[in-house]
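Q: Below you will find the structure I want to go over with you.
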Amino acid sequence: MKPIIKLLLEGGSLNTAQMAQVLNLSEAEVNCQLDTLKKDGVLLGLRPVLNLADEDSGVVRAVIEVRITPERGGGFNRLAERISKFDEVESCYLMSGGYDLLVFVNGASLQKVAAFVSEKLSTIEGVLSTATHFMLRSYKEHGFLLGGKVEETERLKVAP
Amino acid sequence: MDQSRFIAKHVINLPKSGIRDFFDIVAKMKDAISLGVGEPDFDTPWHIREAGIYAIEKGKTHYTSNLGLIELRRAICDYVGKNFNVSYAPENEVIITVGVSEALDLACRALINPGDQVMYHQPCYVSYSPSITLAHGVAVPVPTFAKDGFALTVDALRAAWQPGCKILMLNLPTNPTGGTCDRAQIEAIAKFAVEKDLIVLSDEIYSELTFEGVHTSIASLPGMKERTIFLHGFSKAFSMTGWRIGYACGPATLIEAMMKVHQYSMLCASIIAQEAAIEALVRGEDAMKKMRDQYHRRRDFIVRRFNEIGLKCHLPRGSFYAFPDISKTGMNEKDFAIGLLQAEKVAIVPGSAFGENGKGFCRACFATSYEQLIEASNRIERHVQAIVAKK
Ligand SMILES: Cc1ncc(COP(=O)(O)O)c(C=O)c1O
């Protein structure tokens, strides 16, 4: 794995100047490497992980189990890609087990998510059934704990 | 009333730790960046903490056998066999201790007669010389040098050896220098130990954090298991400093002797820590490797920065310490460290805290975040430039 990817994965929030220092590159080189990763479709984007109060976030989230009919030649791909293109869909995975796709959906309100499921998702030809679960509360997002303030643990300033 | 007259002579004469002095100064300074710590910045991996919680929930709140939980001793023998190539019997060749600190103390008290001489390489961990003194032994330091990457050489051992030397203490990789020995060097040390009939105390607490080459335990060399006490623990590799848990492996006769001291002083190590330690050994490898990778990258960064700044720094092959040479500034290590703290609020530890041979060096622990390391290195650079400009 490239050093720059390892550094991104460590999850810190270094800016490009700091990344340049750590990697012993110029800032221009770091930007160039990041551009290449983007061009190659490896680095798709960097998004903040926020811990907003429910009223601030203004989104309702749901997970939907979707059963679909596989197609000769393409399997589940064509339908999965089609479903993934909706703005409401945050993530979409092909799963083993009792259903085929697990779809994470965002919407401004419960009604909007419900409407998306009943009007868009379940009406697509090839979609056999959906089971929608609304998320009530998030405890961990992308490796970050959300449960209140994380207390800094104290280390002695100087130790043997 | 002067109570100090009641204090035992060998205790009152112990010098105050150089680290302690420095700590008192740093503690008063608010929001200093500290590279002065001697422990990981990561908290103990959650699955290990959770095993400790589970142990409490299950009512594991009692004494264990003096040697420690047999399940833990078995896990240790598996781990040491697999990773260090030495096989020990869980029944009588392992003892669980309250950190390597206690294991070290037990070994000293079990082996040293008053006046026995104990060799150890220097600069070294601050407790070595006092542990020897507290057991009424005589400390015989053996110098190591930056030009060798602070590896211990047989030449230096030979030069320091004198009749009456009984024990050789090793700490590879070394706190504070990050130096270690390759296999050939360790073989030469082993040969020397056999030639002089020395018993070896090998503190391998940083062995998992070896970045270059493979770590070789002296106990694994032919003929060495019988004259080596292998000391190891969980503090550094598994980020478990606060749990206070470690162990010693060695010939049954010696472990039995250490057990006698342990039995009458400590009784046993905390059962909760012992339960958590089992989890660390059995399922902790992935978390440990992840932390090691991070230390590795931080090391490469900080060592490069010291050299860029003009403070010559050898590449520490293990541990999480860099040990740059600060003599170029024309200052001694204490004045440099205090000046740096006052001018730029960065704490590093003067090398002389780790013995005579640490003079002219400082220890900087890189077990801290990139942001802190970057900022600290920039401040050190500014400070060194200011000193050089004044000259
Ligand atoms: C070389 C060395 N040995 C032993 C120890 C103490 O380890 P423990 O926490 O297992 O008592 C340390 C801690 O800094 C150390 O650096």
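The values are calculated or read from the model by the stated rules, or taken from the named source; none is laboratory data. Everything quoted here is computed from the prediction, not taken from an experiment. Heads up, the Cβs are rebuilt from the backbone with ideal geometry, glycines too, and the neighbour counts pull from every protein chain shown. Note: accessible area is taken over every heavy atom of the protein model, side chains too, but ligands, DNA and RNA are not part of it. Shrake-Rupley method; radii C 1.70, N 1.55, O 1.52, S 1.80 Å.
Q: If you go through region B:239-260 one residue at a time, how many are within 14 Å of another protein chain (Cβ to nearest Cβ) and either open to solvent by less than 10 Å² (accessible area, probe 1.4 Å) or more than 11 Å from the ligand (Cβ to nearest atom) (or both)? Steps first, please.
A: The first filter runs over region B:239-260 and keeps only residues within 14 Å of another protein chain (Cβ to nearest Cβ), leaving B:239-244.
Next, only the ones that are either open to solvent by less than 10 Å² (accessible area, probe 1.4 Å) or more than 11 Å from the ligand (Cβ to nearest atom) (or both) stay: B:239-240.
The number of residues fulfilling the criteria is 2.
Q: Right, here's the next one. Of all residues in region A:92-119, which are surrounded by 11 or more Cβ atoms within 10 Å (Cβ to Cβ), hydroxyl-bearing (Ser, Thr, Tyr) and closer than 23 Å to A:Gly74 by Cα? Talk me through it step by step, then tell me what you get.
A: Looking only at region A:92-119, we keep the residues that are surrounded by 11 or more Cβ atoms within 10 Å (Cβ to Cβ), and these are A:92-95, A:99-110, A:112-118.
Still in the running and hydroxyl-bearing (Ser, Thr, Tyr): A:93, A:99, A:109, A:118.
Of everything in region A:92-119, those that are surrounded by 11 or more Cβ atoms within 10 Å (Cβ to Cβ), hydroxyl-bearing (Ser, Thr, Tyr) and closer than 23 Å to A:Gly74 by Cα turn out to be A:Tyr93, A:Tyr99.
Q: Looking at B:Ala193, B:Ala188, B:Ala184, can you tell me which residue is open to solvent by 10 Å² or more (accessible area, probe 1.4 Å) and within 21 Å of B:Pro123 (Cα to Cα)?
A: Numbers: B:Ala193 fails: open to solvent by 10 Å² or more (accessible area, probe 1.4 Å); B:Ala184 fails: within 21 Å of B:Pro123 (Cα to Cα).
After applying the criteria, what remains is B:Ala188.
Q: Collect the residues in region B:332-355 that are part of a loop (DSSP other than H, G, I, E, B) and within 12 Å of another protein chain (Cβ to nearest Cβ), keeping them in residue-number order. Spell out the reasoning first.
A: Filtering region B:332-355 for residues part of a loop (DSSP other than H, G, I, E, B) gives B:332, B:345, B:348, B:355.
Passing the criteria: B:Lys345, B:Ile348.
Q: Next question. Sort out which residues of region A:93-119 are of a type in the set (Lys, Arg) and in a strand (DSSP E or B), and write them in order of number.
A: Scanning region A:93-119 gives no hits.
Q: Can you tell me which residue among B:Ile96, B:Ile48 is under 23 Å from the mean Cα position of the chain (by Cα), under 30 Å from A:Thr153 (Cα atoms) and assigned to a strand (DSSP E or B)? I'd like the intermediate steps shown before the answer.
A: Working: B:Ile48 fails: assigned to a strand (DSSP E or B).
Step by step, each of B:Ile96, B:Ile48 is checked, and only B:Ile96 is under 23 Å from the mean Cα position of the chain (by Cα), under 30 Å from A:Thr153 (Cα atoms) and assigned to a strand (DSSP E or B).
Q: I've got another one for you. Scan region B:112-126 and tell me whether some residue there is within 16 Å of the ligand (Cβ to nearest atom), more than 14 Å from chain A (Cβ to nearest Cβ) and charged (D, E, K, R).
A: No.
Q: (1) open to solvent by less than 90 Å² (accessible area, probe 1.4 Å); (2) within 11 Å of chain A (Cβ to nearest Cβ); (3) more than 30 Å from B:Gly137 (Cα to Cα); (4) among the hydrophobic types (A, V, I, L, M, F, W, C): which one isn't true of B:Trp46, the others all being true?
A: So B:Trp46 meets the others, but not (1).
Q: From the list B:Ile25, B:Ile76, pick out the single residue that is aliphatic (A, V, I, L, M) and outside the structural domain of B:Glu279 (by TED's automatic domain parsing).
A: Values: B:Ile76 fails: outside the structural domain of B:Glu279 (by TED's automatic domain parsing).
Result of the check over B:Ile25, B:Ile76: B:Ile25.
Q: Would you be able to say whether some residue in region B:113-131 is in contact with a His (Cβ under 8 Å, 6 or more places away or on another chain), open to solvent by less than 10 Å² (accessible area, probe 1.4 Å), closer than 25 Å to B:Ala190 by Cβ and outside any strand (DSSP E or B)?
A: no
Q: Just checking, how many residues over region B:356-374 are over 10 Å from B:Val37 (Cα atoms) and either of a type outside the set (D, E, K, R) or assigned to a loop (DSSP other than H, G, I, E, B) (or both)? Step through it out loud before you land on a result.
A: So the first thing to find is which residues in region B:356-374 are over 10 Å from B:Val37 (Cα atoms), and the list is B:356-362, B:369-374.
Narrowing further to those that are either of a type outside the set (D, E, K, R) or assigned to a loop (DSSP other than H, G, I, E, B) (or both): B:357-362, B:369-370, B:372-374.
Within region B:356-374, residues that are over 10 Å from B:Val37 (Cα atoms) and either of a type outside the set (D, E, K, R) or assigned to a loop (DSSP other than H, G, I, E, B) (or both) number 11.
Q: Yes or no: B:Gln263 away from the ligand (no atom under 16 Å from the Cβ) and not assigned by TED's automatic domain parsing to the domain that holds B:Lys191?
A: Working: away from the ligand (no atom under 16 Å from the Cβ): yes; not assigned by TED's automatic domain parsing to the domain that holds B:Lys191: no.
So B:Gln263 fails the test.
Q: Still on this structure: Here are some residues: A:Arg155, A:Arg137. Which one is within 30 Å of B:Leu35 (Cβ to Cβ) and either in the same structural domain as A:Arg82 (by TED's automatic domain parsing) or basic (Lys, Arg) (or both)?
A: Working: A:Arg137 fails: within 30 Å of B:Leu35 (Cβ to Cβ).
Exactly one of A:Arg155, A:Arg137 is within 30 Å of B:Leu35 (Cβ to Cβ) and either in the same structural domain as A:Arg82 (by TED's automatic domain parsing) or basic (Lys, Arg) (or both), namely A:Arg155.
Q: Name, by its number, the condition in (1) surrounded by fewer than 22 Cβ atoms within 10 Å (Cβ to Cβ); (2) in contact with a strand residue (DSSP E or B) (Cβ under 9 Å, 6 or more places away or on another chain); (3) of a type outside the set (Ser, Thr, Tyr) that does not hold for B:Ile229.
A: Of (1) surrounded by fewer than 22 Cβ atoms within 10 Å (Cβ to Cβ); (2) in contact with a strand residue (DSSP E or B) (Cβ under 9 Å, 6 or more places away or on another chain); (3) of a type outside the set (Ser, Thr, Tyr), only one is false for B:Ile229: (1).
Q: For region B:312-339, how many residues are surrounded by 23 or more Cβ atoms within 10 Å (Cβ to Cβ) and of a type in the set (A, V, I, L, M)?
A: Adding up the residues that qualify gives 3.
Q: Identify all residues within region B:218-238 that are within 11 Å of the ligand (Cβ to nearest atom) and touching a residue at least 60 places away in the same chain (Cβ under 8 Å); write none if there are none.
A: Our first condition is that a residue be within 11 Å of the ligand (Cβ to nearest atom); within region B:218-238, this holds for B:231-238.
Scanning region B:218-238 gives B:Leu231, B:His232, B:Gly233, B:Ser235, B:Lys236, B:Phe238.
Q: For the subset of region B:22-43 comprising residues that are free of Cβ contacts under 8 Å to residues at least 24 places away in the same chain and not in a loop (DSSP other than H, G, I, E, B), which member is surrounded by the most Cβ atoms within 10 Å (Cβ to Cβ)?
A: We begin by selecting, within region B:22-43, every residue free of Cβ contacts under 8 Å to residues at least 24 places away in the same chain; these are B:23-24, B:27-28, B:30.
From what is left, the residues that are not in a loop (DSSP other than H, G, I, E, B) are B:23-24, B:27-28.
On the way: B:Phe23: 20, B:Asp24: 11, B:Ala27: 14, B:Lys28: 9.
That would be B:Phe23.
Q: So, in region A:7-23, of the ones that are within 20 Å of B:Tyr295 (Cβ to Cβ), more than 7 Å from chain B (Cβ to nearest Cβ) and more than 23 Å from the chain's Cα centre (by Cα), which residue ends up most open to solvent (accessible area, probe 1.4 Å)?
A: Across region A:7-23, the extreme among qualifying residues is A:Leu23.
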